[in-house]
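The values are calculated or read from the model by the stated rules, or taken from the named source; none is laboratory data. Not measured: the values here are computed from a predicted model. Note: ideal-geometry Cβ built from the backbone for every residue, glycine included; neighbour counts use all protein chains shown.
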Amino acid sequence: MSGAALIEAREVSCTFTVSGGFMKEKRRLQAVSRVSLRIEPGEVMALVGESGCGKTTLAKMMMGLIAPSEGTIEIGGRPLASLPRMEIARSVQPIFQDPYSSLNPRRSVGSIVTQPLRVQKDPDPETWRRRAEEMMEFVGLPQRLFNHYPGQLSGGQRQRVAIARALVNRPRMVICDEPTSALDVSVQSQILNLMQDLRSELGLTYLLISHNLAAVEHMASRVAVMYLGRIVEEAKTGRLFDSPCHPYSEALLGSVLTPDPTLGIPDTQLGTSYPNPLDVPPGCSFHPRCAKAMPGCSVRAPRRVPAPGGGAVACHLHDEGAALDTVS
Amino acid sequence: MAAAPILEVESLNVAIPVPAGTLHPVQEVGFRVTRGHTLAIVGESGCGKSLTSLALMNLLPPRAARTAGRLALDGQDLLGLSEREMADIRGNRMSMIFQEPMTSLNPAYTVGDQLVEAERRHRRTSVTAARDRAVWLLEKVGMTGAGERLRQYPHQLSGGLRQRVMIAMALMCDPDLIIADEPTTALDVTIQAQILHLLADLQREFETGLILITHDLGVVARLCDRVAVMYAGQIVEEGTARQIFRTPAHPYTRGLLDCIPIPGKTRRGAHLGTIPGIVPSLVGSMPGCHFADRCPHASGACRSGPIAFRDGAGPGHRYRCVLSLPSGPARPDPAP
Ligand SMILES: Nc1ncnc2c1ncn2[C@@H]1O[C@H](COP(=O)(O)OP(=O)(O)OP(=O)(O)O)[C@@H](O)[C@H]1O
Ligand SMILES: Nc1ncnc2c1ncn2[C@@H]1O[C@H](COP(=O)(O)OP(=O)(O)OP(=O)(O)O)[C@@H](O)[C@H]1O
Ligand code: SF4
Ligand SMILES: [Mg+2]
Ligand SMILES: [Mg+2]
């Protein structure tokens, strides 16, 4: 690949400590382990995976909100750790899951939308109001709402306020952590349509974190699948949804509930040995739940290899070299 | 098999005084939930789903007033109960999984303390026994290292883990009826499938009735026996899942079904269907159909007076609209 990625994570890890109980040792919780992810300008990169697998933690590291315990993040080829906060905020902006708690109830819509300009000490205060109103119009918020408070808005309007705030300073990239999960389907489809339009009109790049795989399939150009702190598969959207390679990706896509009343809840085939980030299994961390596990899987961690059909996968099934190793 | 209703609701209304007048977020709502069965309530944000469930639990905000023709749990009238008697039923025979886990989990107590308390408030169990049950339930809802998780505070859990703590808490006392308000929205689809299996197993084993409030029409189609579609405070359509998905009759229901991307049918990146317009204000009274301002078929008849229910495509299917049943072909099942 040529040129600098818009944002790139290189082998980043994040560890939290958790109390082990009275007089017991503190334990380490590995939320993200050695993840590498490269996002090119103009892409919609989706991050999917089990709840608790570290998606939000990874996103926070990519915005500089949490420092990685290992590894580096680069924005436009420069290490994030060396950039001033303001500059990060000018490149990357978040839209969070909950439009109810992510907006300050005591601030008017106008004040919320202009906040990034204030915080970043934008040199041109006379234009703040006009720019905020432009952005509000852009995301479909009537200007009469400028002096309203979040409590007076519907869920969809609040999420539009959050989007206007994220975009007012024209960042290059937006990290959307479950942008529509708190919204009903008709508002959700409006917001997804809006995100598509903004992408083509403003040339935005998105990192989209979502459990809604129908929305991911609809929006994303590439998808990374996370499991227990690691990226286990990464591919173009069409390839991943048509022929997932990693057994976890397969289980994940097999659990999507299309609205078909003649079908029941699918069996995930994953068993009930749920993953525990406090006690990560040796070898491939997915092996206790994997229907296709081989003897070597509990011993050796799989490496990331090119996947058939494109992209990359970390699974011994797709790594010829490793399969031979386990036999010998 | 006419199973006994575990919950009967007739003519439920909620009124809340607001500066502009009186808000009527729940109007003449009625339904039944049978033992071992699931009723889904779907509808646009703000249409009154959460207030309906809070009204059933008698947990409405202080100034809200509830009236109902009938409200009975397993034949027992709930309308005449004192707050103390009701508190005995809540979390015990009838429990609720709230929409916003952070507002109902206490940030100052560990997960374990809150789960143990949920059972010991109603049962004379020992702390150890309650703790064992908490661990068992947390494992059932897919939390490993449950023993350690009990010592964590809510803010130390991911969104999905908090939601599972809420689900475990609602199940601590084996209730007869569970009201689940968006129980799986913060969860990935594999965990969602496992939790839905768990709810279905519990239902089969204990004949629990379940009211599921959700925006996820996939969950509704796959799990629920009956569906009530709400719009602006009223039930506008009710029927079996098959009736609602195959032969939706109300224009709102039909618009709703067009909003969801269906893999293989909706072109990637294409615009999704939306329902233009906004929900009417629920302050004061509205004579005609609440959906009229957004409905592509609205006529004078729609605005002149209350709209009665009509019979839909089969037994138990009804909808509130002046139009006769759409004559076009039934919606095909989406490609599997
Ligand atoms: N401040 C913290 N202290 C301790 N553990 C934490 C903290 N924040 C997150 N964790 C743990 O790190 C892991 C990953 O959490 P994260 O929020 O990144 O998950 P997620 O993939 O975003 O999940 P979800 O889909 O449920 O939002 C979880 O096990 C979580 O409990
Ligand atoms: N305490 C309150 N005081 C005044 N109005 C309220 C109060 N609680 C709710 N409402 C209003 O009542 C209506 C119904 O609210 P409810 O919470 O039942 O909606 P909902 O269908 O659950 O929506 P969502 O899908 O967004 O959760 C909304 O218009 C809401 O703004
Ligand atoms: S009653 Fe009239 S306005 Fe209401 S849904 Fe039916 S056709 Fe539309
Ligand atoms: Mg998260
Ligand atoms: Mg609600």
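Key figures
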| quantity | calculated |
| --- | --- |
| Neighbours by Cβ (under 8 Å, 6+ apart or cross-chain): first from segment B:142-167, at positive phi; second more than 16 Å from ligand 5 (Cβ to nearest atom) and basic (Lys, Arg) | B:Gly142/B:Arg164 |
| Complete set of residues in segment B:205-227 that are within 13 Å of chain A (Cβ to nearest Cβ) and not in a strand (DSSP E or B) | B:Thr214, B:His215, B:Asp216, B:Leu217, B:Gly218, B:Val219, B:Val220, B:Ala221, B:Arg222, B:Leu223, B:Cys224, B:Asp225 |
| Matching residues in segment B:17-52 - criterion: being within 14 Å of another protein chain (Cβ to nearest Cβ), β-branched (Val, Ile, Thr) and more than 30 Å from B:Glu207 (Cβ to Cβ) | B:Val18 |
| Among (1) at the interface with chain A (Cβ under 9 Å from one of its Cβ atoms); (2) under 15 Å from A:Ser51 (Cβ atoms), the one test that B:Ala168 misses | (1) |
| Evaluation of A:Leu207 against (1) at pLDDT below 95; (2) away from ligand 2 (no atom under 16 Å from the Cβ) (one fails), failing number | (1) |
| Of residues in segment B:38-63 being surrounded by fewer than 20 Cβ atoms within 10 Å (Cβ to Cβ) and away from ligand 5 (no atom under 14 Å from the Cβ), the one nearest to B:Glu237 (Cα to Cα) | B:Asn58 |
| Residue in segment A:167-183 that is under 29 Å from A:Cys53 (Cα atoms) and acidic (Asp, Glu) present | yes |
| Residues of segment A:29-59 satisfying the condition of being within 12 Å of chain B (Cβ to nearest Cβ) and not aliphatic (A, V, I, L, M) | A:Gly49, A:Glu50, A:Ser51, A:Gly52, A:Cys53, A:Gly54, A:Lys55, A:Thr56, A:Thr57 |
| Where a residue in segment A:288-301 is surrounded by 15 or more Cβ atoms within 10 Å (Cβ to Cβ) and its partner, wherever it lies, is hydroxyl-bearing (Ser, Thr, Tyr) and outside any loop (DSSP other than H, G, I, E, B), with Cβ under 9 Å and at least six apart | A:Pro288/A:Ser298; A:Arg289/A:Tyr248; A:Cys290/A:Tyr248; A:Met294/A:Thr326; A:Gly296/A:Thr326; A:Cys297/A:Thr326; A:Arg300/A:Thr326 |
| Only listed residue being at pLDDT 90 or above, over 30 Å from B:Gly160 (Cα atoms) and part of a loop (DSSP other than H, G, I, E, B), chosen from B:Leu79, B:Leu71, B:Leu59 | B:Leu79 |
| Within segment A:16-85, strands (runs of 3 or more DSSP E) holding 1 or more residues that are within 16 Å of ligand 4 (Cβ to nearest atom) | A:27-39, A:44-49 |
| Members of segment A:274-286 that are modelled with pLDDT of 90 or more and within 24 Å of the chain's Cα centre (by Cα) | A:Cys284, A:Ser285, A:Phe286 |
| Criterion (modelled with pLDDT under 90 and more than 30 Å from B:Val220 (Cα to Cα)) met by exactly one of A:Leu198, A:Leu194 | A:Leu198 |
| Qualifying residue in segment B:176-187 (condition: closer than 19 Å to B:Leu138 by Cβ, of a type in the set (D, E, K, R) and more than 16 Å from ligand 2 (Cβ to nearest atom)) | no |
| Residues satisfying the stated conditions in segment B:254-280, i.e. modelled with pLDDT under 85, under 17 Å from A:Val187 (Cβ atoms) and more than 8 Å from chain A (Cβ to nearest Cβ) | B:Pro276, B:Gly277, B:Pro280 |
| Among residues of segment A:86-115, those that are in contact with a helix residue (DSSP H, G or I) (Cβ under 6 Å, 6 or more places away or on another chain) and assigned to a helix (DSSP H, G or I), counted | 5 |
| Matching residues, segment B:122-159, being of a type in the set (A, V, I, L, M) and either out of contact with any helix residue (DSSP H, G or I) (no Cβ under 6 Å at 6 or more places or on another chain) or away from chain A (no Cβ under 12 Å) (or both) | B:Val127, B:Ala129, B:Ala130, B:Ala134, B:Val135, B:Leu137, B:Leu157 |
| Segment A:44-71 residues that are within 12 Å of ligand 1 (Cβ to nearest atom), paired with ones that are among the basic types (Lys, Arg) (beta carbon under 9 Å, 6 or more apart) | A:Leu47/A:Lys55; A:Val48/A:Lys55; A:Gly49/A:Lys55; A:Ser51/B:Arg164; A:Cys53/A:Arg230; A:Gly54/A:Arg230; A:Ile66/A:Lys60 |
| All positions within segment A:170-190 that are within 14 Å of another protein chain (Cβ to nearest Cβ), crowded, with 24+ Cβ neighbours inside 10 Å and touching a strand residue (DSSP E or B) at 6+ places or on another chain (Cβ under 6 Å) | A:Pro179 |
| Residues located in segment A:259-283, provided they are facing chain B (nearest Cβ under 9 Å) and either within 30 Å of A:Phe16 (Cβ to Cβ) or in contact (Cβ under 8 Å) with a residue 12 or more places away in the chain (or both) | A:Pro266, A:Thr268, A:Leu270, A:Thr272, A:Ser273, A:Tyr274, A:Pro275, A:Asn276, A:Pro277, A:Leu278, A:Asp279 |
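Quick grid of which residues meet (1) over 22 Å from B:Leu161 (Cβ atoms); (2) of a type in the set (Val, Ile, Thr):
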position: A:Val216; (1), (2): no, yes
position: A:Arg230; (1), (2): no, no
position: A:Leu253; (1), (2): yes, no
position: A:Asp267; (1), (2): yes, no
position: A:Leu278; (1), (2): no, no
position: A:Cys290; (1), (2): yes, no
position: A:Pro295; (1), (2): yes, no
position: A:Cys315; (1), (2): yes, no
